[in-house]
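The values are calculated or read from the model by the stated rules, or taken from the named source; none is laboratory data. Remember, it's a predicted structure, so these values are computed and weren't measured experimentally. When the accessible area is computed, the model is the full protein with side chains, heavy atoms only, and any ligands, DNA or RNA have been set aside. Shrake-Rupley method; radii C 1.70, N 1.55, O 1.52, S 1.80 Å.
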Amino acid sequence: NGYWANNLRVHGVWFLHASYGFGAFASPLLGQTLRAHGFRWRSFFWISLSIALCNVFLGLYAFKTTDEEFTIERNLALASDALSQTTKKLGMMKDLQEDDYEKGLKPNK
């Protein structure tokens, strides 16, 4: 929902909310109908669980990271870590130079 709402180029938010609303409306009616025709009440929950598991596995498959994406993300993370460490070292050097200046020592040029 956050992706759909934040992406201004996508105009399908109505479909997302409509499908949720339809499911919330139809689910109790379907369960009641199944119960009226002699199905055990557990059957409705097994059907719902099966559909939910299918959604989970299809979602995992759809958003599976490819080897190329993994390599790019790994390299970006390593570069970010190296930059962070370099910035930290530069900050420590600056602190040392400020300490030397406060003690009256000549700063390095």
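Looking only at region 75-109, which residues are open to solvent by 90 Å² or more (accessible area, probe 1.4 Å) and at pLDDT 85 or above? Once the filter is applied, which keeps residues that are open to solvent by 90 Å² or more (accessible area, probe 1.4 Å) and at pLDDT 85 or above, region 75-109 yields LEU76, LEU78. Of all residues in region 57-74, count the ones that are part of a helix (DSSP H, G or I) and open to solvent by 80 Å² or more (accessible area, probe 1.4 Å). Qualifying residue count, region 57-74: 11.
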